[in-house]
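Below you'll find the structure, written out as structure tokens, and then a few comments.
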Amino acid sequence: MWVDPDDDPREAAAESADERGILLDSLRHYRLTLEMKCAGLDAGQLARRSVPPSTMSLLGLVRHLTEEERRFRRVMTGEDAPRLYRTDEDRDGDWNGAGADPEVVEDSWRQWRTEVERTDRYLAGVTDLGTWNTGLSDLGPEPGGRLQLRDLLVAQIAEYARHCGHADLLRERIDGRVGQ
């Protein structure tokens, strides 16, 4: 087990049992899970790729989810938040640039925490899950279309959940740790 169940930070009671509280608690849970799956690893381990031809690594997941956090600002507020890692020339830059350099690791975690904080600050200021986006959306049936905050939250939770599953497998391959 990663932590004693009594000490698991993900098991803290939700702020409220309403829709907003449940969604925010789920997002918090998966963010903490990502951090737990990466804890205690060095730069080489974090950058270790899964199996060829995949470029997926735990560090790549952190960078990829940083880009997903930035999406909140672009979609919900229309803020100019250009991608940090992906480019037109390298659509997989979040994965490809996830090298075993301690500075890359440190910068990737710093960027992720900054984007999580920005997303949380936005979410703290908006209580209505029916709030419509003001920026262009790349989600939904019509890219560039409208969506509500709840839709983006559900998409973000799904993104984290999917990648936490990947993180489980990557971590098991690195050092055999599984669980929780």
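The values are calculated or read from the model by the stated rules, or taken from the named source; none is laboratory data. What you are looking at is a predicted structure, and each value in this text was computed from that prediction instead of being measured. Methodologically, a virtual Cβ is constructed for each residue, glycine included, from the backbone with ideal geometry; neighbour enumeration extends over all protein chains shown. Please note that ligands, DNA and RNA were not included when accessible areas were found on the heavy atoms of the full protein model with its side chains. Shrake-Rupley method; radii C 1.70, N 1.55, O 1.52, S 1.80 Å.
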TODO: Pop the C-beta distance of E103 and V178 into the FRET formula with R0 = 22 Å and round what comes out to the nearest 0.05.
DONE: 0.15
Task: Probe 1.4 Å - accessible area at T114, Å² to nearest ten - done: 50 Å²
Open item on the list: From the Cα trace of the chain, what convex hull volume per residue do you get, rounded to a whole Å³?
Closed with: 124 Å³
- [ ] Starting from the Cα of R91, step 7 Å along the direction of its Cβ; do the same at R113; then give the gap between the two resulting points in nm.
- [x] 3.3 nm
Open item on the list: Explain nothing, just compute: Karplus ³J(HN,Hα) = 6.51 cos²θ - 1.76 cosθ + 1.60, θ = phi - 60°, for every residue of the range 84-90 in order, whole Hz, x for Gly and Pro.
Closed with: 8, 10, 7, 9, 4, 7, 9
- [ ] Putting +1 on Lys and Arg Cβ atoms and -1 on Asp and Glu Cβ atoms, find which of A158, T87, G60 reaches farthest to the positive end of the dipole of the chain.
- [x] T87
TODO: Among T33, T127, Q148, flag the residue with its Cα farthest along the positive direction of the charge dipole of the chain, charges on Cβ as +1 for Lys/Arg and -1 for Asp/Glu.
DONE: Q148
- [ ] Extending each Cα 7 Å along its Cβ direction at T127 and R150, get the distance between those two points in nm, one decimal.
- [x] 1.7 nm
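Using helices alone, what [θ] at 222 nm do you get for the chain, with -39,500 (n - 2.57) per DSSP H run of 4 or more residues, divided over all residues and rounded to the nearest 500?
Details: 6 runs with 95 residues, N = 180.
Value at 222 nm, helices only: -17500 deg cm²/dmol.
Using a 1.4 angstrom probe with every protein chain in place, what is the largest-first accessible-area order of R83, R110, R146, R31?
Details: R83 90, R110 125, R146 155, R31 20 Å².
My answer, sorted largest first, is R146, R110, R83, R31.
Counting only heavy atoms of the protein chains, get the accessible area per residue of the range 75-180 (1.4 Å probe) and round it to a whole Å² value. Mind dumping the intermediate values first?
Values: 5940 Å² over 106 residues.
Using a 1.4 Å probe on heavy atoms only, each residue of the range 75-180 averages 56 Å².
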Task: Euclidean distance of C-alpha centroids, the range 16-40 and the range 110-180, integer Å - done: 10 Å
- [ ] Please report, in debye to the nearest 20, how large the charge dipole of the chain is about its Cα centre when each Lys and Arg carries +1 at its beta carbon and each Asp and Glu carries -1 there.
- [x] 320 debye
